[in-house]
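Down below is the structure, laid out as structure tokens.
Just so you know, all these numbers are worked out from the coordinates, no wet-lab data involved. Here the structure is a predicted model, which means the values were calculated and not measured. When we count neighbours, we look across all protein chains shown, and the Cβ atoms used for this are built from the backbone with ideal geometry, even at glycine.
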Amino acid sequence: MSLERDPGAQGVPVTVRNWQDPPFNRWAFWHVGEILPSYRVARGGGPARSLPAAAASDPLAVAVTRIDGSAGTAGEILENAFTDAYVVVQDGELVTEWYGPLGAPDRAHALMSVSKSVLGCVAAVLIDRGQLDADREVTSYVPELAASGYAGATVRHVLDMRSGVRFVEEYANPQADIRRLDEWIGWQSDGHGGEPRGLYPFLTTLQAEAPHGARFQYRSAESDVLGWACERAAGQPMPELISALVWAPMGAEHDARLLRDGLGTAVHDGGLCATARDVARFGQMLLDGGTVPDGAGGARRVIPPRWLRQAWAVDADVRTAFAASPAEAAFPGGWYRNQFWFRPGAHGDVLLCLGIHGQVLHVSHRTRTVCVKLSSWPRAQDPAYLEDVLRAFDAIGGMLAGRDPVNPAHHPHGPAGVVSGLNRHGDTVPPSGPWQPNVI
């Protein structure tokens with residue numbers, strides 16, 4: 001499939017092969033649903049959650065020390081990091097937002113692996129309703145996986161990416177599992193006619209290389225298995241589950257899109273496309289403990305509060321597994337739980353939803369802020385860009401909350417590592433600056 005459109009690259013059309021490559025991705029990320037097959041994720045018929053304007057302020061002028069030691073402002077960091085859109089919300093009020101010339105408040109953008117966190121919230125509701133049991137083996141929901149490496153793995157294992165299954169996400173390696181997945185879902189030709197074999201059949205080919213629960217290792221296949229189990233447990237396809245359990249009840253303003261494979265299976269690990277404001281609404285719901293205003297001065301529950309409390313309150317086992325993984329170098333002191341990242345920031349621990357090419361949702365309890373950045377980085381991963389953006393959002397939150405900026409020397413985070421997700425081919429631009437292959 002290709003589009004007869006010129007994104008500004010000398011008349012070369014955007015296709016399934018180049019949509020993540022620069023300069024095509026800057027246009028393509030706003031038009032993914034026109035390039036790849038997708039499903040509608042309905043916002044429902046209820047009112048959208050209001051984002052009233054906050055009192056005038058200029059949070060982008062706050063000073064930030066970049067990872068390379070140079071001084072700048074939050075605005076300069078966002079301007080120089082291939083930003084397509086950003087939104088800043090504090091306590092449910094819209095502080096500032098911006099859209100590049102190709103974007104708009106009502107236009108959906110590729111979220112990549114931010115999708116995983118939405119999927120995690122679907123699982124949370126199903127667990128709360130008793131339809132999904134985190135302690136049961138995934139094969140009890142998906143018996144097709146009985147001969148795969150997922151035999152013996154529990155739903156909790158895939159929620160926290162703690163199975164022992166081997167899945168390599170080395171984007172520049174044509175033999176890596178993430179590249180093979182591309183062939184099976186049918187987005188690119190496999191050299192044998194290009195007929196899709198499907199995401200779910202691909203998952204059945206994966207084998208284990210370590211005991212389940214023994215390690216943390218970020219792998220997109222874990223989310224795909226989780227999504228399959230959710231669909232089986234609920235008896236509904238993922239687009240309907242996201243709509244009914246998360247998107248509509250949280251008060252989304254616009255429909256989202258969810259990419260699918262060539263056989264019709266939703267791509268759970270990174271297929272969601274949504275507006276920046278709706279991503280901010282999702283973040284505000286997380287900040288408010290899984291609740292939204294009910295219109296009568298109270299709150300209505302969307303996600304079980306204990307799900308978020310469990311994720312935020314790291315225990316020794318979760319922390320130890322993270323510390324032993326390569327991800328510790330990226331987020332020292334951090335952890336991964338329930339399809340969310342957590343990172344110690346300048347103003348306390350921060351919940352993060354992250355996707356390749358610079359998709360970021362930053363939720364800070366301490367400063368009561370939600371920051372969204374949608375991007376089209378030339379590379380799938382850029383550790384320096386990510387670390388600088390996280391520092392900028394920390395600083396914005398600190399300013400809005402009236403907290404003094406903390407000297408970065410007191411919080412010596414290394415450059416953030418590789419954020420994996422919906423990347424189906426190797427980078428075409430050589431990395432610059434710090435680089436940690438296959439870290440996250």
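What to note about this one:
- Across the chain, the relative contact order, built from alpha-carbon pairs under 8 Å that are at least six residues apart, equals 22 percent.
- Remark: spin-label model distance Arg366-Arg136 equals 4.1 nm, labels positioned 7 Å along the Cα→Cβ axis.
- Cα centre as origin, Lys/Arg/Asp/Glu Cβ charges: the stretch 36-410 dipole, Debye: 640
- Shape summary: the stretch 45-164 maps onto an equivalent ellipsoid whose semi-axes, from the alpha-carbon gyration tensor, are 40, 21, 14 Å in decreasing order.
- Close amide H contacts of Asp91 (hydrogens built in the peptide plane, cut-off under 5 Å, sequence separation of 5 or more or a different chain): Val370.
- Kirkwood Rh, Cα atoms: Rg over Rh of the chain: 0.93
- Backbone HN-Hα couplings from phi across the stretch 319-332 [Karplus 6.51/-1.76/1.60, Hz, Gly and Pro as x]: 5, 5, 5, 5, 4, 8, 9, x, 5, 4, 5, 7, 10, x
- The calculated pair-distance distribution of the stretch 113-249 uses every alpha carbon pair, bins of 5 angstrom beginning at 0, and gives 2, 11, 20, 22, 20, 15, 8, 3, 1 percent.
- Quarter of Cα convex hull surface for the stretch 304-391, i.e. mean projection, nm²: 5.9
- Remark on Leu132: its backbone amide H falls under 5 Å from those of Ile127, a criterion applied only to residues 5 or more positions apart or on other chains, H modelled at 1.01 Å from N.
- For the stretch 133-149, 3J(HN,Hα) per residue [Karplus equation, 6.51 cos²θ - 1.76 cosθ + 1.60, θ = phi - 60°, Hz, x = Gly/Pro]: 10, 5, 8, 7, 6, 4, 5, 6, 9, 10, x, 4, 8, 4, 8, 9, x
- Integer Hz, Karplus 6.51/-1.76/1.60 couplings in order for the stretch 112-119, x for Gly and Pro: 6, 7, 4, 3, 4, 5, 5, 4
- q = 0.11, 0.20 Å⁻¹: log10 I(q)/I(0) that the Debye formula gives for the stretch 260-330, counting C-alpha atoms only: -0.50, -1.01
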